[in-house]
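The values are calculated or read from the model by the stated rules, or taken from the named source; none is laboratory data. Just so we're clear, the structure is a prediction, and the values are computed from it rather than from any experiment. Positions of Cβ are generated from backbone atoms using ideal geometry, with glycine treated the same way; all protein chains shown enter the neighbour counts.
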Amino acid sequence: MTASIEEQYLEAFSALAPQGDPAWLLARRRMARDIFAAAGFPHRRVEAWRYTDLRRALAKEGYVPAQRYDGPLAYDVETVGPGAAAFGDVERHMLVCVNGFFRPDLSSADLPEGVSIKPLSEAVKETGFEDFLTTDDNLHPVNALNSALMQDGLVIRVEAGKDAGKPLHMVHVTTSAGASAAHMRHVIALEEDAKLCLLETHLGQGGAGYLANHVTETHLGEGAALTHIKLQDEAKDALHVAANNLRLAANAKYYGFVLALGARLSRHETDAVFKGEGAHADMHGALALRGKQLGDISTYVDHAVPGCSSNAHVKSVLDEEATGVFQGRVLVAKDAQKTDGRQLSNALLLSRDAGMNAKPELEIYADDVQCAHGSTIGELDETALFYLRSRGIDEATARSLLIRAFLDEVLETIPLDGVKQDIGSQIDVWFRASALAGSETR
Amino acid sequence: MLEIKDLHVNVDGKEILKGITLSVGTGEVHAIMGPNGSGKSTLSYVLSGREGYEITKGEILYKGKDLRAMEIEERAAAGLFLAFQYPIEIPGVTTMTFLKTALNAQRKARGEEELDAVKFLRLVREKAGPLNVSEDMLKRPLNVGFSGGEKKRAEILQMALLEPSLAVLDETDSGLDIDALKVVSDGVNALRSPDRSMIVITHYQRLLNHIVPDKVHVLSAGRIVRTGGKELAHELEETGYADIVEA
């Protein structure tokens, strides 16, 4: 009997024995490994992954652990513009990870006062660190895999009352050519009334078919505010699977935005839990995909306490044979009165072969709430296109104007102007490449 | 300027225009009147190149060139302008962005220098003032939330900026009250010039009290059934279309 892909996967990673893990972590890894071995990679018959068959996408290759790379990169991550690391014009601190390992030598050393950054391997040795790892491995087989195999990550902490000021920019680069896999675990912890802006860029080189798996544990203390903007532009054959476990104390504020452009298959999942009253979470995003790409933005929100609000709005532009996925659930507990929970997915299909799967759900046990969910799927408005062209605007420009107009509703929510412009120009680059590809096949 | 010869047009397989012949000279203003469903709007869409309008017979020469061979945007760059009966709302694209993109696209297509932001702004303000198009309207998404009158004024502003050689005004008077009609007609009249031709499509004669045409054609069931001077419009106002259409 041949081994399952899960057995093969764990076998390939068995040589990666973690060095110097504390006892609690070793126990946790073992438990997580068992959970993953039993559950396997999620596939179509697992409801939360119904449209995003990770098992099938992984079955093509035998994955090996990503290798630490300490050499120079082919480009300067800090200065390359749109299409590469992005946010080049935004003043920021750099935090660079290569092949799943933190590279302090490529990162900024001058951190703002009250901000500390440690690699995961050091942070796990601190007393009480395990309290930050809140992901429920039982419910998330991929997170269980991450718990079993996580080899590095960034642990970012902001002290109470401190404003970190300039954004921190995490850049994740994969240089390996083959089917390597990296499992990173990050912790973003803001104490009471702390403020942070975190930018994330995920990049790969060429068409490499690696797997980038990130689990981020985000803890916002009372009144803390995090702005978290992510650009996923992985190599075109890569797999990108990210989960953000978000815990919000009273009056905390989270603004999240993800733009997914890259990868053969990608998933950005947010699992938010409100722990204290008066907190708010925005979890917005955009997919711009073509070819046979699949992109998934999923949002699960647990309104466990009264008086919190959440808003998830995802806009998808899908060309050629691309597929978009939006899944999400807003759960409102029995005594979570005055909850305001919103979920909306709008998709624009640019081709007959593109598709969108949207499944927003509400599960409400309280009786005094405002909740709304919705989904639209449409095509470019031919009448609008004709109107623009009748004024002398060529078809490609007219299409890009309408696509930008469609996306602008979510882009406009980005609270930093420079970052907003940069995300916009990433989309313009994407669109030009799409128009070019279109004109070749026409 | 425009020569239409025995034009037959099908929409969804049904013949809507059944042999139109029309000649509009440079600097002339022609009115096309007719009852609903006579093919007036079809003619305007055929001229602008909208998809779904199939020319089965006949030809259209614009400045001596075969219009059929030109893309929608090429026609615009060559100076053809259609003022829409129902201007399209485009959420997310501000009026200002739209105007600048359109003007510079046309200038570029003609090999002229594109206008920078400062020059463009000065030009828009100069043209927008007389049409009562406010700064606020220019900042809003194109036609979104505009009243009927605002939409029509925005159309005429586009025309004033793009300075076409041939403007086709499709039911520009529809949905306008008397005051708005005056502003719009004054805007159109200000653009009358010996180099610019216009085709004014309308159901009612009242617009032609403001924009006085050189010639009036009556379109019925896809054919021009009568042609005359501006007095023909007055005659129609008194007798209605029934007499002419049945004659």
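Odds and ends about this structure:
- Test: residue in the stretch A:170-188 that is more than 30 Å from A:V429 (Cα to Cα) and among the aliphatic types (A, V, I, L, M): yes
- Yes/no for B:G129 being more than 14 Å from chain A (Cβ to nearest Cβ), free of Cβ contacts under 8 Å to residues at least 60 places away in the same chain, of a type in the set (G, A, S) and part of a helix (DSSP H, G or I): yes
- Those residues of the stretch A:98-146 which are surrounded by 15 or more Cβ atoms within 10 Å (Cβ to Cβ), among the charged types (D, E, K, R) and modelled with pLDDT under 90, in sequence order: A:D137
- Considering residues of the stretch B:47-84 that are charged (D, E, K, R) and at the interface with chain A (Cβ under 9 Å from one of its Cβ atoms) only, the residue nearest to A:D408 (Cα to Cα): B:E73
- Of the residues contained in the stretch A:405-415, none is found to be more than 14 Å from chain B (Cβ to nearest Cβ), surrounded by fewer than 16 Cβ atoms within 10 Å (Cβ to Cβ) and assigned to a strand (DSSP E or B).
- Count of residues meeting criterion [assigned to a strand (DSSP E or B), under 23 Å from A:A366 (Cα atoms) and in contact with a Gly (Cβ under 9 Å, 6 or more places away or on another chain)] in the stretch A:275-297: 3
- Selected residue (only one of A:E269, A:E277 is touching a residue at least 12 places away in the same chain (Cβ under 8 Å), surrounded by 23 or more Cβ atoms within 10 Å (Cβ to Cβ) and more than 19 Å from A:I427 (Cβ to Cβ)): A:E269
- Options B:P35, B:P87; residue that is part of a loop (DSSP other than H, G, I, E, B) and more than 14 Å from chain A (Cβ to nearest Cβ): B:P35
- Taken together, B:L99, B:L123 contain a single residue that is away from chain A (no Cβ under 14 Å) and in a helix (DSSP H, G or I), which is B:L123.
- Test: residue in the stretch A:364-376 that is within 14 Å of chain B (Cβ to nearest Cβ) and either buried (at least 22 other Cβ atoms within 10 Å of the Cβ) or of a type in the set (D, E, K, R) (or both): no
- When the helices (runs of 4 or more DSSP H) confined to the stretch B:136-241 are screened for residues that are free of Cβ contacts under 8 Å to residues at least 24 places away in the same chain and over 30 Å from B:G92 (Cβ atoms), those reaching at least 1 such residues are found at B:178-190, B:206-210, B:231-239.
- Verdict on B:V93 being over 24 Å from B:E15 (Cβ atoms), within 12 Å of chain A (Cβ to nearest Cβ) and aliphatic (A, V, I, L, M): yes
- Cβ-Cβ contacts under 7 Å between residues 6 or more apart (or on different chains), taken from a first residue in the stretch A:84-105 that is farther than 26 Å from A:V64 by Cβ to a second residue that is part of a loop (DSSP other than H, G, I, E, B) and polar (S, T, N, Q), are listed as A:G88/A:T79; A:H93/A:S108; A:M94/A:S107; A:M94/A:S108.
- In summary, A:E6 fulfils each of the numbered conditions (1) in contact (Cβ under 8 Å) with a residue 60 or more places away in the chain; (2) surrounded by 14 or more Cβ atoms within 10 Å (Cβ to Cβ); (3) farther than 17 Å from A:A243 by Cβ; (4) of a type in the set (D, E, K, R) with the single exception of condition (1).
- Residue among B:G27, B:G79, B:G34, B:G52 that is closer than 26 Å to A:L380 by Cα, small (G, A, S) and out of contact with any Cys (no Cβ under 6 Å at 6 or more places or on another chain): B:G52
- Considering only residues in the stretch A:385-401 that are at the interface with another protein chain (Cβ under 7 Å from one of its Cβ atoms) and aliphatic (A, V, I, L, M), the one that is surrounded by the most Cβ atoms within 10 Å (Cβ to Cβ) turns out to be A:I393.
- B:E113, sole failed condition from (1) of a type outside the set (K, R); (2) surrounded by fewer than 16 Cβ atoms within 10 Å (Cβ to Cβ); (3) within 14 Å of another protein chain (Cβ to nearest Cβ): (3)
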